[in-house]
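Below you'll find the structure, written out as structure tokens, and then a few comments.
The values are calculated or read from the model by the stated rules, or taken from the named source; none is laboratory data. Keep in mind that this is a model prediction, so the values were computed, not measured. In this analysis, Cβ positions are derived from the backbone assuming ideal geometry, glycine residues included, and neighbour counts consider all displayed protein chains. When the accessible area is computed, the model is the full protein with side chains, heavy atoms only, and any ligands, DNA or RNA have been set aside. Shrake-Rupley method; radii C 1.70, N 1.55, O 1.52, S 1.80 Å.
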Amino acid sequence: MQTLVLLLALILALTLAAGQDDEDEGRKPHIIIIMADDLGFDDVSFRGSNRFLTPNIDALAYNGVIINDLYTPAMCTPSRAALLTGKYPINTGMQQYVIVNDQPWGLPLNETTMAQIFRSSGYRTNLLGKWHLGMFQRNYTPTERGFDHHLGYLGAYVDYYDQTYQQNGKPYARGHDFRNDLKVSRDQVGHYVTDVLTDAAVELITTHNASAQPLFLLLSHLAPHAANTDDPMQAPMEELAQFEYLTNITERYYAAMVSRLDKSVGRVIDALAQQQMLEHSIVLFLSDNGGPTLGEHSTTASNYPLRGQKHSPWEGGIRSSAAIWSKRFSRLGRVWRQRFYIGDVLPTLAAAAGIQLNSSLQLDGLNLWPALMYDYDAVEREIVHNIDNSVPYVSYVHGRWKFVNGTTSGGQYDGWLSVRHNQSDPRADHYEEVIRNTSVWQQLQELRGNLASINISSMREEATVKCREPQPDDVPCLPLEGLCVFDMDEDPCEQNNIYEKMRDGRFITEYLQRIEEFNRKARPPGNKPADPQCDPRYYNNEWTWWQDERNAGVSRLPMYFEYFLVTLMWIWWSY
């Protein structure tokens with residue numbers, strides 16, 4: 001009987017959507033992806049936190065679909081590689097750590113990117129912001145990998161105001177890293193980079209000829225990633241002034257950085273609406289990985305109540321708070337519980353755009369557009385979060401069962417690192433009013449028509465993750481000592497290791513064999529050691545595709561003299 005009811009519901013949803021499909025027939029949707037960098041799982045207020053509010057992101061989430069279980073790799077480079085290729089990092093050689101600016105490697109050139117696929121299908125493809133998939137040679141950079149236009153930086157991060165990057169622990173010059181397509185651009189120096197990228201997005205949308213060509217925009221923000229270690233937390237003073245109730249100054253800066261990101265989302269939605277592009281758009285917001293609460297580039301990001309953080313195998317490192325909006329959805333204002341991998345974005349959005357993908361791409365990502373559009377769970381998702389034999393560690397999930405063996409950083413990020421405290425945004429006292437007064441809410445409500453009203457408090461409650469109550473017979477997971485298995489449906493906070501209870505079951509053996517099969521077929525990591533010839537001092541204090549520049553004879557100094565100087569610098573630095 002239950003199956004029949006579900007079938008009838010699906011048929012009804014298909015029927016209701018048919019009129020919209022007919023209306024949009026022949027029109028490819030505009031694709032807008034807004035990606036935050038190192039945003040904590042609990043740092044969007046639709047997850048229930050009142051530490052600081054994110055009213056524009058929340059308005060997008062409540063009017064669209066909250067993707068409750070969106071998973072990413074635990075670090076920047078692997079996550080962006082998975083987004084753009086639809087593959088696990090183990091299958092592109094991007095599984096070990098990140099590309100540091102001085103390392104000569106990148107996303108393999110034989111990998112097809114999402115930008116190439118959408119451009120070949122008639123889209124105008126744009127990347128604004130972070131790349132971080134290789135720059136040592138020009139043919140690894142965005143406009144050589146499918147993007148018609150790129151405004152932003154090529155490396156890991158930059159200063160929010162002068163767009164420079166200082167390599168930690170190396171004697172290189174501090175180098176500028178910001179380009180307009182292939183040309184160095186210093187026009188933005190002195191301007192806050194979140195605003196620079198937002199202004200560029202608004203201008204791009206405003207000047208785009210939507211009737212002639214669909215738009216693909218990846219707005220890849222720096223925020224709220226930390227800047228260089230000499231001044232990691234940066235925000236405009238007027239933004240900072242809104243969060244004086246936070247007594248921790250680092251936390252106050254972090255709140256201001258996220259707040260500016262939230263305003264960026266609002267401005268992009270407003271621009272789409274003003275150009276009458278919004279109703280024909282799919283807008284996705286997500287973070288590339290969990291936030292760093294402790295350690296390198298830490299920002300006080302909160303992944304509460306999840307275990308771990310960025311650069312760890314735990315949920316706090318790999319579970320992203322995400323929301324998506326499209327007028328094509330059969331039902332808006334809901335929480336979708338299908339487990340969804342960042343590598344699913346490519347085939348899912350390609351299906352939404354009517355793009356047929358070639359099977360030779362051998363994607364790991366799945367097309368979940370029908371399930372997203374018509375609101376059902378399509379598959380018991382298998383996700384290889386990572387297999388890194390250099391550490392070593394494995395993080396893998398199949399349906400409700402998660403396997404962790406080994407960990408990162410000697411286990412220093414293995415705990416529950418975030419808490420909610422009693423310092424709350426004063427606006428939280430009238431939270432729903434704040435959300436409903438945003439232009440995002442009003443623009444999206446106008447497109448909803450006469451559909452049923454949205455219950456904000458109910459959706460917020462549903463999107464709030466709650467840990468199970470600890471039990472006397474719980475077994476702790478010690479990943480450096482042995483395999484851990486978790487039932488993620490019952491234990492989303494990874495508190496109870498059930499491996500000993502389940503070890504005799506056939507499914508444990510089958511899944512371990514499955515993990516070994518992935519490991520056996522994995523592509524060797526592409527990591528390369530640092531190349532001191534990258535030093536910006538040789539290239540007008542710019543981070544650039546140094547191997548091409550050297551081959552072209554750009555260097556101002558005789559080659560033998562440069563090697564002599566580099567050797568002296570390395571000897572001095574090592575002492």
Exercise. Using a 1.4 angstrom probe, figure out how much accessible area the chain has per residue, in square angstrom, rounded to the nearest whole.
Key: 39
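Could you give the alpha-carbon Rg of the stretch 188-232 over 2.2 N^0.38 Å, rounded to two decimals? Don't jump to the answer; show the numbers that get you there.
Working: Rg = 14.1 Å, N = 45, 2.2 N^0.38 = 9.3 Å.
Against the empirical 2.2 N^0.38 Å value, I get 1.51 for the stretch 188-232.
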Quiz item: In the neighborhood of ARG138, defined by Cβ-to-Cβ distances under 14 Å, what is the net charge if each Lys or Arg adds +1 and each Asp or Glu adds -1?
Solution: -1
Self-check item: Distance from the stretch 505-521 to the stretch 69-87 (C-alpha centre basis), Å
Solution: 22
Quiz item: Which distance in nm do the two modelled labels at SER185 and SER439 give, with both placed 7 Å along the Cα-to-Cβ direction?
Solution: 2.2
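Rounded to the nearest 5, what % of DSSP beta bridges with both residues in the chain are antiparallel? Please list the in-between numbers first.
On the way: 31 of 60 bridges.
Around 50 percent antiparallel, to the nearest 5.
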Exercise. Any chance you could list P(r) for the stretch 106-151, counting all Cα-Cα pairs in 10 angstrom bins from zero, rounded to whole %?
Key: 30, 58, 12
Practice problem: Starting from the Cα gyration tensor of the stretch 233-346, take the square roots of the eigenvalues, sort them a ≥ b ≥ c, and report rounded, prolate or oblate (rounded when a/c is under 1.5, otherwise prolate if a/b is larger than b/c, else oblate). | Solution: oblate
Quiz item: At what distance in nm do the modelled label points of GLN356 and VAL379 sit from each other, each positioned 7 Å from its Cα along Cα→Cβ?
Solution: 2.0
Quiz item: Once the principal axes of the Cα atoms of the stretch 376-485 are found, what is the range along each, listed largest first in whole angstroms?
Solution: 55, 39, 32
Quiz item: How far is it, in nm, from the label point at GLU203 to the one at ARG331 when both lie 7 Å from their Cα along the line to the Cβ?
Solution: 4.4
Practice problem: Over the alpha-carbon set of the stretch 318-426, divide Rg by the Kirkwood Rh and report the Rg/Rh ratio to two decimals. | Solution: 1.05
Exercise. May I have the count of lysine pairs in the chain with C-alpha atoms under 25 Å apart, counting pairs 8 or more residues apart or located on different chains?
Key: 23
Quiz item: Bin by bin, in steps of 10 Å, what percent of the Cα pairs in the chain do you find, going until the bin that has the longest distance?
Solution: 3, 17, 29, 28, 16, 5, 1, 0, 0
Quiz item: Per 5 Å bin from zero, what fraction in whole % of the C-alpha pairs of the stretch 191-264 is there, up to the bin with the longest pair?
Solution: 3, 15, 23, 20, 14, 10, 7, 5, 3, 1, 0
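Going by average Cβ neighbours within 10 Å, how do the peptides 431-439, 60-68 rank, with the highest at the top? Could the numbers behind the result be given before it?
Numbers: 431-439: 16.7, 60-68: 25.9.
By packing density, highest mean first, the sequence is 60-68, 431-439.
Quick one: with all protein chains in place, what share of the accessible area of the chain is carbon or sulfur, to the nearest percent (1.4 Å probe)? List each step's numbers first, then the result.
On the way: 11290 of 22620 Å².
Accessible surface attributable to carbon and sulfur in the chain totals 50 percent.
Classify the stretch 104-239 as rounded, prolate or oblate, taking a ≥ b ≥ c as the square roots of the eigenvalues of its Cα gyration tensor: rounded when a/c is under 1.5, otherwise prolate if a/b is larger than b/c and oblate if not.
Working: a/c = 2.42, a/b = 1.32, b/c = 1.84.
Oblate shape, in that a/c is at least 1.5 and b/c is the bigger or equal ratio.
Given 25 °C and 0.890 mPa s, compute D for the stretch 435-516 with the Stokes-Einstein relation, Rh being the Kirkwood radius over Cα pairs; round to the nearest whole µm²/s. The partial results should precede the final answer.
On the way: Rh = 16.8 Å.
Using the Kirkwood radius from Cα pairs, D works out to 146 µm²/s.
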Practice problem: Compare the peptides 352-360, 372-380, 211-219 by average per-residue count of other Cβ atoms within 10 angstrom and give them in order, highest first. | Solution: 211-219, 372-380, 352-360
Self-check item: No Cys partner within the rule (Cβ under 4.7 Å), the chain
Solution: CYS76, CYS534
Practice problem: Just need the relative contact order of the chain here, percent rounded to a whole number, with Cα pairs under 8 Å and 6+ apart. | Solution: 24
Quiz item: Just how far, in whole angstrom, is the stretch 269-294 from the stretch 208-258 if you go by their alpha carbon centroids?
Solution: 14
